[in-house]
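These notes concern the structure reproduced below.
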Amino acid sequence: MHLFPEIHQLMRSPLDFAHILDEIPLGILVMDTNLRVVHLNRFFQALTGFSLDMARGIPCRNVLRSSACIINCPVLATHRKNRSISCTSDIINTDRQKLPVRITTAQIMDTQGHFTGYMETIEDLRSSASNDREKNVAYSFANIIGRSQKMETIFQTLPMLAQSDASILITGETGTGKDLVAEAIHQTSGRAGGPFIKINCGALPATLLESEIFGHMKGAFTGAVENKPGRFKLAHNGTIFLTEIGDLPLPLQVKLLTFLDDRIIYPLGATKGFNANVRIIAATHRDLKYMVSIGKFRKDLLFRLNVARVHLPPLRERGEDIRLLLDHFLNHYTKKQGKEINGFSEPALSVLLNYTYEGNIRELRNIMEYAVNVAQSTRIEADNLPAYLLDHEPIQRVSKIPATEAVPIPQSEQLPTFTAPQSAETEQTWSSVERQMIIDALKTSRGKKNKAAQILGMSRSTLWRKIKAYQIE
Amino acid sequence: MTLHKTAIPILGEEIVPRFDLTTEVIILTTAEFSDIQDKKIIVLPRSSPDELCHTLLVQEINTLICGAIEDEYYEFLKWKKIEVFDGVSGNWSHAFKRWQTQTLNSGDIFFTRMIEGRLI
């Protein structure tokens, strides 16, 4: 189904209505009087994930999926009050993201003045909403938190990079916040009003990925029953974020390289190109230099993408940021779950500060979510932490990190820096934590072993054995 | 015989477009994909995705058929071993019949497409 609605008598020749709507940097939805979707523009598709073919003829609330649609439909309010209505709300798109939006609705009249339907514009409020919320958070840039020297350098670099229009390559281990940085760059750039489209290059097979990224024309291959604009076209006047770029198949690397050269997209089966004004941000946890050396990544593409580079350090190299992040996520999950937790017990804090966090911030966040869920008192105790943490042998982090540049750092040089174990005073193993827990329990129970065993959730004989083993007097 | 419980957040006869704004859930019990053995509707005191997730866990739901759902809740329910068909819209009984015949997919739309009263 491909429609060519036209506007007559405005200019000498009929105008392409769909093309006009596609050029407007707002999501636009046209509905009939029964609130069935008649038309939508490219920005709306980029925002919600619904194409015209998917949405045409179905009730608008199942396409926009805004909370306003269910709580107090702004379109019906427009009809009741006979005037345009504007409200802020949120939508959930097909990528399962909740986005803040401003919805403005108006009635559509025909040439005779008869009411024939509604038009709705959807403004993406992500940039302004996040700015308001994060304004008061110290040691941060957008949603990224840190006060270590490495992060300070990155915070100084990001606003400059955001203002330029250069391609950016973000590298770093998994869980270091590459997605967050990409979105922060977009939201603080001149393209913040445009779409931010993310593609995971490792999530789809090569054949599907090509049509997903570059689009296809109807009949280009078996099963191509409709035109598909492709993510590059949807990201027009915005930013495209290619995550896991290291997983991009070689043939598509060539096609991406061609785009970076002439900025024209050729959907599969198309004879005419589309001039896409898109900024590219790519990210990977892989060592692209090494991939180039073994022929898995094109050298020329690496050079094209590597105009500016941001390397996100792993958490173990961010020293004091761990405490900052622990407090941040404790605060976040405590509020979210309506609990009253004020801090950490000494043993719990010791375990948390000495853990290596191979999954980086993602792992730290998950640990905190678990701990807040499990905690029964007003402090996070060591036994509220996931068991694997307590079995873990701590490795000392680099606490004094020399000032290094955020851009560029060759990833091949970013091998984990491990140093000798910490001094006996600060080293915390599960044994020492457990010993401390037994002492605490004995203090609470005033030396009564039965009660102490109950507090610790172990049998009296186990407690007796452990007291002997730890030589607790 | 293993019983299978399917939950569908509803709004009248339709699947509610947003999981987090659900106030009514229908729970259908079947022996695997066969006929319905039990049907009950739970009315929630308020719409809250956290409370709804809790209800689904307490009710030992195996499959959830719902509209738009945030990734956080989707991943949580999948982690709790609940099969989730999200982005489904239209009449809930049509969606359930498709689930019974094992032809339901996430994103399925069960509305009759119409514009200005005419089928398209």
*asked:* Checking the conditions here, which among B:T63, B:T101, B:T2 is touching a residue at least 40 places away in the same chain (Cβ under 8 Å) and either over 12 Å from the mean Cα position of the chain (by Cα) or within 30 Å of A:D32 (Cα to Cα) (or both)?
replied: B:T101
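Residues are listed down the side, and each one gets a yes or a no for (1) among the basic types (K, R); (2) open to solvent by less than 50 Å² (accessible area, probe 1.4 Å); (3) within 14 Å of another protein chain (Cβ to nearest Cβ):
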{"site": "A:S84", "(1), (2), (3)": "no, no, no"}
{"site": "A:D90", "(1), (2), (3)": "no, yes, yes"}
{"site": "A:D95", "(1), (2), (3)": "no, no, yes"}
{"site": "A:A106", "(1), (2), (3)": "no, yes, no"}
*If you go through the stretch B:95-112 one residue at a time, how many are farther than 18 Å from B:F19 by Cα and within 14 Å of chain A (Cβ to nearest Cβ)?*
2
_Residue, nearest to the chain's Cα centre (by Cα), within the stretch A:353-363, restricted to residues that are over 11 Å from A:T176 (Cβ atoms) and open to solvent by less than 30 Å² (accessible area, probe 1.4 Å)_ = A:T356
*Could you please tell me which pairs satisfy a Cβ distance under 9 Å, a separation of 6+ or placement on different chains, a first residue in the stretch A:93-113 that is closer than 28 Å to A:H8 by Cα and in the same structural domain as A:F50 (by TED's automatic domain parsing), and a second residue that is part of a loop (DSSP other than H, G, I, E, B) and among the charged types (D, E, K, R)?*
A:A106/A:R83; A:Q107/A:R83
*Of (1) in a helix (DSSP H, G or I); (2) within 13 Å of chain B (Cβ to nearest Cβ), A:R80 satisfies all except one. Which?*
(2)
*Condition test on B:D38, is it among the acidic types (D, E) and more than 14 Å from every other protein chain (Cβ to nearest Cβ)?*
yes
*List every residue pair whose Cβ atoms lie under 7 Å apart, where the two residues are 6 or more positions apart in sequence or sit on different chains, the first residue falls within the stretch A:210-224 and is polar (S, T, N, Q), and the second residue, located anywhere, is open to solvent by 40 Å² or more (accessible area, probe 1.4 Å) and not in a helix (DSSP H, G or I).*
A:S211/A:K228; A:S211/A:L268
*Tell me which residues, restricted to the stretch A:34-78, are hydroxyl-bearing (S, T, Y) and over 16 Å from B:G107 (Cβ atoms).*
A:S66, A:S67, A:T78
*Number of positions in the stretch B:63-78 that are part of a strand (DSSP E or B) and within 13 Å of another protein chain (Cβ to nearest Cβ)*: 1
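Let's see how each residue does on (1) surrounded by fewer than 21 Cβ atoms within 10 Å (Cβ to Cβ); (2) among the aliphatic types (A, V, I, L, M):
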{"residue": "A:A308", "(1), (2)": "yes, yes"}
{"residue": "A:P314", "(1), (2)": "no, no"}
{"residue": "A:H332", "(1), (2)": "yes, no"}
{"residue": "A:K339", "(1), (2)": "yes, no"}
{"residue": "A:R365", "(1), (2)": "yes, no"}
{"residue": "A:A371", "(1), (2)": "no, yes"}
_Residue match in the stretch A:255-262 (condition: buried (at least 20 other Cβ atoms within 10 Å of the Cβ) and modelled with pLDDT of 90 or more)_ = no
*Since B:I41 meets every condition but one in (1) within 25 Å of A:C69 (Cα to Cα); (2) surrounded by 15 or more Cβ atoms within 10 Å (Cβ to Cβ), which condition does it not meet?*
(2)
*asked:* Can you tell me which residue is nearest to the other protein chains (Cβ to nearest Cβ) among those in the stretch A:53-63 that are part of a helix (DSSP H, G or I) and in contact with a strand residue (DSSP E or B) (Cβ under 6 Å, 6 or more places away or on another chain)?
replied: A:N62
_Go through (1) farther than 19 Å from B:V88 by Cα; (2) open to solvent by 70 Å² or more (accessible area, probe 1.4 Å) for B:Q59 and report which single condition fails._
(2)
*Among what's in the stretch A:302-323 and is over 21 Å from the mean Cα position of the chain (by Cα) and among the acidic types (D, E), pick the residue that is nearest to A:L352 (Cα to Cα).*
A:E320
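Yes/no matrix, rows are residues, columns are (1) at pLDDT 90 or above; (2) in contact with a Leu (Cβ under 9 Å, 6 or more places away or on another chain):
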{"residue": "A:I168", "(1), (2)": "yes, yes"}
{"residue": "A:G175", "(1), (2)": "no, yes"}
{"residue": "A:A184", "(1), (2)": "no, yes"}
{"residue": "A:T188", "(1), (2)": "no, yes"}
{"residue": "A:G194", "(1), (2)": "no, no"}
{"residue": "A:C201", "(1), (2)": "no, yes"}
{"residue": "A:L204", "(1), (2)": "no, no"}
{"residue": "A:I213", "(1), (2)": "no, yes"}
{"residue": "A:K218", "(1), (2)": "no, no"}
*Output the qualifying pairs, or none if there are none: Cβ atoms under 8 angstrom, residues six or more apart or on different chains, first residue in the stretch A:28-52 and open to solvent by less than 10 Å² (accessible area, probe 1.4 Å), second residue acidic (D, E) and assigned to a loop (DSSP other than H, G, I, E, B).*
A:D32/B:E116
_Close pairs (8 angstrom Cβ cut-off, 6 or more residues apart or separate chains): assigned by TED's automatic domain parsing to the domain that holds A:Q436 in the stretch A:370-390, surrounded by 11 or more Cβ atoms within 10 Å (Cβ to Cβ) and outside any helix (DSSP H, G or I) anywhere_ = none
*Residue satisfying condition, being touching a residue at least 24 places away in the same chain (Cβ under 8 Å) and β-branched (V, I, T), within set B:I120, B:I69, B:I115, B:I109*: B:I69
_I'd like to check something: does the stretch A:239-246 contain any residue that is farther than 22 Å from A:L268 by Cα and aromatic (F, W, Y)?_
no
_For the stretch B:1-24, which positions are more than 14 Å from chain A (Cβ to nearest Cβ), open to solvent by 30 Å² or more (accessible area, probe 1.4 Å) and either in a loop (DSSP other than H, G, I, E, B) or polar (S, T, N, Q) (or both)?_
B:M1, B:T2
*Going by the structure shown, is B:K81 more than 22 Å from A:K98 (Cβ to Cβ), outside any loop (DSSP other than H, G, I, E, B) and either more than 9 Å from chain A (Cβ to nearest Cβ) or open to solvent by less than 20 Å² (accessible area, probe 1.4 Å) (or both)?*
no
*the stretch A:439-458: number of residues that are under 42 Å from the mean Cα position of the chain (by Cα) and modelled with pLDDT of 80 or more*: 1
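The values are calculated or read from the model by the stated rules, or taken from the named source; none is laboratory data. Quantities reported herein were computed from a predicted structural model and do not represent experimental measurements. When we count neighbours, we look across all protein chains shown, and the Cβ atoms used for this are built from the backbone with ideal geometry, even at glycine. Side chains included, ligands, DNA and RNA excluded: accessible areas come from the protein's heavy atoms. Shrake-Rupley method; radii C 1.70, N 1.55, O 1.52, S 1.80 Å.
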